[in-house]
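Shown next, in C-alpha cells, is the structure this report addresses.
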Amino acid sequence: MNYIAKKGVLKRVCLSILILFSLHHAGFSQAQNIPVNFRVDNLICEYKVNPIAVDVANPRLSWKLITPDRNIQQTAYEIRVGSNAVSLTKGKDILWTSGKVLSDQSVLVYYGGTMLQSRQKCYWQVRVWNNKNQVTPWSMVNFWKMGLLKPEDWTAKWIQNNYQSDTTGGPSPMFRKTFKLDHKIRAAHLYITAHGVFEAQINGKRVGNDYFTPGWTSYNKRIQYQVYDVTSMLQKGDNATGVTIGDGWYRGYTYNRKKNVYGKKLALLYQLEVVYTNGKRQLITSDKSWKVAYGPIRSSSFFDGEVYDSRKEKPGWTTPAFRDLTWDTVKTDETIKDNLIATAGPTVKKHEKFLPLKVFTTPEGDRVVDFGQNLVGWVQFKLKANAGDTMKLFHAEVLDQKGNFYTKNLRTAKQEITYVFKDDSVETFEPHFTFQGFRFLKVVGYKGPLDSTNLAAYAVYSDMAQTGHFSTSNPLINQLQHNIQWGQKGNFIDIPTDCPQRDERMGWTGDAQAFCRTATFNMDVAGFFTKWLKDLSADQHKDGAVPYVVPNVLDSVSAAASGWSDVATIAPWNIYLAYGDRQVLQQQYESMKAWVGYIQQHSRNYLWDTGNHFGDWLFYAGTNYEDGAALTDKNLIAQAFYAHSTQLLINAAKILGKNEDVQKYTQLLVNVKQAFQSEYVTPNGRMISGTQTSYVLALNFDLLPVNLRLSAAKRLVHNIEDYDEHITTGFLGTPYICHVLSRFGYTDIAYDLLMKESYPSWLYPVKNGATTIWERWDGIKPDKSFEDPEMNSFNHYAYGAIGDWMYRVIAGINTDESGPGFHKIIIAPHPGGKLTSAQAELETMYGKVKSAWSIDNGIFTLDVIVPPNTSAQIVLPAVTDQITESGLDINTEKEITGIQKVGDNEQLYVGSGTYHFVYTLKTYGKAN
Ligand code: RAM
C-alpha cells in the first residue's frame, strides 16, 4: 500500500472510531432502558449500501429491524439526514428529519427533505419504535451521494481517436493523460462512461472491479455513467490515468452479425473531480490534451473473444513517468448529446472461481480442460512459453457423443482467446471485453502442463446478492435448483439474456418474463429489473408495441409478440410483489398501459388474432402425429396473455389509485375473457387446443367460467397422464403448470411432473449431467445425439421457471399480495414427491424468511422464521392430531392466533420470530 492509500485508510478508520464513539455516547445518554436486543441495521438507499451515484430526486431508504423477540412490529420511525457524519450523531446540522412518523413502513421510505444537489453527500440514520414500547438507539450512520444531475455538471468532452482507423473487430484504443495535483487531497471521484466498454486505470492500478461498464442500455436514449471514489489512488504531485475501450454492445457484433448498432466510433467521457483539503476543487477531464494509441488488445468481441498480443503491451502507460511522445492526439466530439444517467442497477463483477476438474485428451486429439460447471465468464491463466508463441483457447459447453469438443451450437460465435507471449517469464492473463459460455476449454499451441496452479475459470455476472436458498432430501432436485441458479448467473449480465454463448445473447423478452419471478427468489434483482424496464420503456414503440428484445437491436417490425411483449406488465408486477416496490409500477405504468393499448388497437371485437407470435416456444414436439397434441394455437395464447396483461394493468392501477383506469380496464377484461371463451372454449369447457399449455393458461389467468374450471383442471390432468406424466409445455406454459395443478388440488401430479426423470422433464437434463438449464427439453436427445445446433443452448433459463413453484409451493414461502414484498408472509409447505425434507430461505427487504420441513416416521416438523415487522399466515398441511410449537400446544400460546381448521390443514397467524411446529402427518397425497 502506498503512503497516500495508507493515509486514506487511516482517515476512514479515525472517522469510524469517531462515529462509533459518538453513537455509543448518544445511545447511553438518551435512555438507560434501551433494549440491547432491539436495533436497526442494514441501511440501504435505492437498494444499495452507501451508493455514490444517486440521480433520483427523492431517494428511498430502507432498513431492517433486528431482534430475537417474537411479534415485533415497527410502530414508528424517525430518520435524520445531515451533511456531516459526526454532527449527525449529535443531532446537529440536520438537513432533514422525518420527525417521529407513526408508520410500520421500513422499506423504501422516501427522503422528504429539500432538493438535493449534484454531488451532495447525505449521511443518514434511523431509529424505530415497536409495539412493545421499545425504541432502538439511533442506527449506524450510512450515506448516499448524489450523482451529476444536470447536463451542465459535465465539463468533460467526449473524445475519440483522431487519425487512426477504428473499426469493429479492430484493436482497442488506449486513452491517456498525465496531470499534477497541487495540494493535499480530501476526496476524489471519477465520473466516467464510454461508447463501447471501458476499463480505467489511475497510477498503474485498475479503477474499481466492474466489468463491461457502462453496461448495456438503450444507448441512443440513455447511457449510464459510473462513479468511483478514487481518493486513495491519487497523490499530491504527478499522476497519470488511462482508459482502454472495447467494442462491447455499442458497436460490436450482435444478432446476425449486425454491427455498429449504436454508432461506429468508440468514445470516452471522463471527469475526475478532486477536492483538496483546503476546499479547492480541480477537474481532470477528457479533452484535446489526451493522447491515444493501440496496444495489446488487437480485437475484442463478446461473441468472438479477444486477441491479445502481449508484445504490444505498454508497461507503465498509466504512470506519470511513461513517455507518450509517439502517441496520437485525440479529437473531441461536441455533437454527442447523450442522455447520461447514473448507474442504478448492479454492475457486472467477477464471482466464483473454478479450478480444472480434469485435463484430458479427446478422441480427436484435443487437449481439453473440464471446469465441471457450465459457466459464463472467462479463463485466467498463468503460463510460461517462448516469446512470440501463440496460444489459442476455445470454449465449449459440452462434449459430443464420442467425447470430442463440441462448438457447433455456438453458431458463428467464436468464443476464442488468442494470446501471444511476450517473453519466457510466467505471464498472467485474463480477457477484458468479452465473456464466454463454457464448461470445457480446448488449449491449442501450448504444450506445457495445465493444472489448477495455472488455470482458473471465473464466473462473471451482475452483482446481485444471493437472497434465496432451496434444498430438499432429493439430490436430483437440488441439482435442478443449482442449474436454475447458474442459468440465472450466466444470463444476468447487465441485462437478462436468452443465452450467453452463441451469436445471440440478447434481452429476449419472453424468456425474461417466464423466469422473472423465479429470479426474485434466488437473487436480489430489484435494481437489475428496474434498470432494464426503463430500457423497455425507452425502446417501446410509439404505438405501444414492445420489441422482441430489449435493448432493441433488431429491426422495427420485430415487436409485439404475445408472451414476449407481456414482460412489460409481468416484470413490474413481479418486482412489486417481491420487493413491495410501488415506484416500479409508477415508473412502468404508461408502458404497461401502452402495451395493452397496442393489443386493443389490433383486436377486433376484443379478439386479438393477428400478428406474429412465437407461441408456446419449444414445447414438446414429439415424433409422431399423436404427440402433435402439444401444439397450442398461437392466437389462443395471444388472447390469454391479452387478458393477463389487462389484469396486471388493473392491479397496478388499483395500487396507484387510478380509479378510472381500474373501471375502464375491468370492463375491457370482461370482454376479453368473453371473446376468449366464445372463440376457444366449447360450452362444456373443452379447449380448441387440447394441450397442457392451453388449459394451464386458461386456468392460471382465470379465463374460464367458474363452473368449468374443475373439469378443465381434470382435463389437464388427463392430458398429463396421456403423456405418462411428462411435461409437454414450452416457454409460456411451463412457468404456471405446477401452480395450476396445486391450485386445483393436484399437487401430487405436479410432483409427478417434477420428479419425472425421462424426457421431456426437468430432471432429464439433470440425469444427463446438466449443470445449467437447457434451452430445449432434449438438448441432448435420449440417443445422446444433439438437437439442431442452430438452436441448442445449454444455458437458457426459461424452463428454470419451475424454481418459483419450488420456493412457493414445496417450501411454501410466499408473499400475500395485500402485503407485498413479504410484509405479509404466507408459509404453506406442501410435502410430496417422496421428499423427506425441504427447506428454503429468502432474504427479504425485512430480513430472513425461512420455511424448513421434514418428515420422520410420520412426524412432521416445520421450522419457520418470520422477520421483524412482518407477520405470517402459516398453513400446516395434513394435520391429524395436536400440534406443538417449541414443545407447547399451539392453543396455549398467546402469540399464535386465528387457529382454524381448513380441510385437512390447520391455519394460524403469527408475528415475527422463530417457530418450531411438530405433529403427526396424515398421509399426504399419493406421493407419500
Ligand atoms: C431464440 C431464443 C430465445 C427465444 C426466441 C424466440 O432466439 O431461443 O430464447 O425467446 O428465439
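Structure summary
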item: Total residues in the range 872-891, condition of a type in the set (Ser, Thr, Tyr) and touching an Asp or Glu at 6+ places or on another chain (Cβ under 9 Å); result: 2
item: Candidate set from the range 597-618 (those that are more than 16 Å from the ligand (Cβ to nearest atom) and more than 14 Å from residue 640 (Cβ to Cβ)); member that is surrounded by the most Cβ atoms within 10 Å (Cβ to Cβ); result: 598
item: Residues (in contact with a strand residue (DSSP E or B) (Cβ under 6 Å, 6 or more places away or on another chain) and outside any loop (DSSP other than H, G, I, E, B)) located in the range 35-58; result: 39, 40, 41, 42, 43, 44, 45, 54
item: Test: residue in the range 510-522 that is closer than 30 Å to residue 408 by Cβ, without any contact (Cβ under 8 Å) to a residue 60 or more places away in the chain and in contact with a strand residue (DSSP E or B) (Cβ under 7 Å, 6 or more places away or on another chain); result: yes
item: Hits in the range 471-508 (condition: on the phi > 0 side of the Ramachandran plot and either among the hydrophobic types (A, V, I, L, M, F, W, C) or within 16 Å of the ligand (Cβ to nearest atom) (or both)); result: 505
item: Single match in 95, 61, 116 (criterion: at pLDDT 95 or above, in a strand (DSSP E or B), within 25 Å of residue 191 (Cα to Cα) and in contact with a strand residue (DSSP E or B) (Cβ under 6 Å, 6 or more places away or on another chain)); result: 61
item: In the range 67-90, the residues that are buried (at least 22 other Cβ atoms within 10 Å of the Cβ), among the β-branched types (Val, Ile, Thr) and more than 30 Å from residue 885 (Cβ to Cβ); result: 79, 81, 89
item: Residue 276 vs. criteria farther than 21 Å from residue 423 by Cα, among the aromatic types (Phe, Trp, Tyr) and at pLDDT 95 or above; result: yes
item: Of residues in the range 188-202 being over 26 Å from residue 170 (Cβ atoms) and out of contact with any Ser or Thr (no Cβ under 6 Å at 6 or more places or on another chain), the one surrounded by the fewest Cβ atoms within 10 Å (Cβ to Cβ); result: 189
item: Selection within the range 504-535 - among the small types (Gly, Ala, Ser) and more than 13 Å from residue 578 (Cβ to Cβ); result: 507, 510, 512, 514
item: Qualifying residue in the range 700-717 (condition: among the hydroxyl-bearing types (Ser, Thr, Tyr) and in a loop (DSSP other than H, G, I, E, B)); result: no
item: Out of 773, 825, 749, 780, sole residue that is assigned by TED's automatic domain parsing to the domain that holds residue 863 and not acidic (Asp, Glu); result: 825
item: Residue pairs meeting the criteria (Cβ under 7 Å; at least 6 apart or on separate chains; first within 16 Å of residue 729 (Cβ to Cβ) and not assigned by TED's automatic domain parsing to the domain that holds residue 838, in the range 798-813; second of a type in the set (A, V, I, L, M) and assigned to a loop (DSSP other than H, G, I, E, B)); result: 799/773; 800/773
item: Test result for residue 124, part of a strand (DSSP E or B), within 23 Å of residue 844 (Cα to Cα) and more than 31 Å from the chain's Cα centre (by Cα); result: no
item: Members of the range 461-470 found to be within 10 Å of the chain's Cα centre (by Cα) and either near the ligand (Cβ under 10 Å from one of its atoms) or surrounded by fewer than 24 Cβ atoms within 10 Å (Cβ to Cβ) (or both), listed by number; result: 463, 464, 465, 466
item: Subset of the range 110-128 that is among the β-branched types (Val, Ile, Thr) and surrounded by 19 or more Cβ atoms within 10 Å (Cβ to Cβ) - its residue that is nearest to residue 77 (Cα to Cα); result: 128
item: All positions within the range 273-318 that are buried (at least 18 other Cβ atoms within 10 Å of the Cβ) and part of a loop (DSSP other than H, G, I, E, B); result: 286, 290, 295, 296, 302, 303, 304, 317, 318
item: Checking residue 132 against (1) out of contact with any helix residue (DSSP H, G or I) (no Cβ under 7 Å at 6 or more places or on another chain); (2) closer than 23 Å to residue 344 by Cβ; (3) surrounded by fewer than 17 Cβ atoms within 10 Å (Cβ to Cβ); (4) touching a residue at least 12 places away in the same chain (Cβ under 8 Å), the condition it does not meet; result: (2)
item: Extreme residue, farthest from residue 484 (Cα to Cα), among residues of the range 502-560 that are touching a helix residue (DSSP H, G or I) at 6+ places or on another chain (Cβ under 8 Å) and among the basic types (Lys, Arg); result: 534
item: Verdict on residue 238 being closer than 24 Å to residue 292 by Cβ and surrounded by fewer than 17 Cβ atoms within 10 Å (Cβ to Cβ); result: yes
item: Residue that is at pLDDT 95 or above and under 17 Å from residue 497 (Cβ atoms), where the choices are 607, 585, 618, 577; result: 618
item: Residue within the range 630-639 that is away from the ligand (no atom under 16 Å from the Cβ), touching a Gly at 6+ places or on another chain (Cβ under 6 Å) and in a loop (DSSP other than H, G, I, E, B) present; result: no
item: Criterion violated by residue 895 - all others in (1) in a strand (DSSP E or B); (2) on the phi < 0 side of the Ramachandran plot satisfied; result: (1)
item: Qualifying position, being part of a loop (DSSP other than H, G, I, E, B) and either modelled with pLDDT of 95 or more or within 24 Å of the chain's Cα centre (by Cα) (or both), among 352, 364; result: 364
item: In the range 525-572, residue nearest to residue 46 (Cα to Cα) [restricted to those that are among the polar types (S, T, N, Q) and away from the ligand (no atom under 13 Å from the Cβ)]; result: 530
item: Residue among 93, 104 that alone is surrounded by fewer than 14 Cβ atoms within 10 Å (Cβ to Cβ) and farther than 30 Å from residue 294 by Cβ; result: 93
item: Qualifying residues in the range 723-741 (those that are in a loop (DSSP other than H, G, I, E, B) and closer than 20 Å to residue 567 by Cα) - the one nearest to the ligand (Cβ to nearest atom); result: 731
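The values are calculated or read from the model by the stated rules, or taken from the named source; none is laboratory data. This structure is a prediction, so every number in the text was calculated from the model and none was measured. Here the Cβ is made from the backbone with ideal geometry for all residues, glycine too, and neighbour counts use every protein chain on show.
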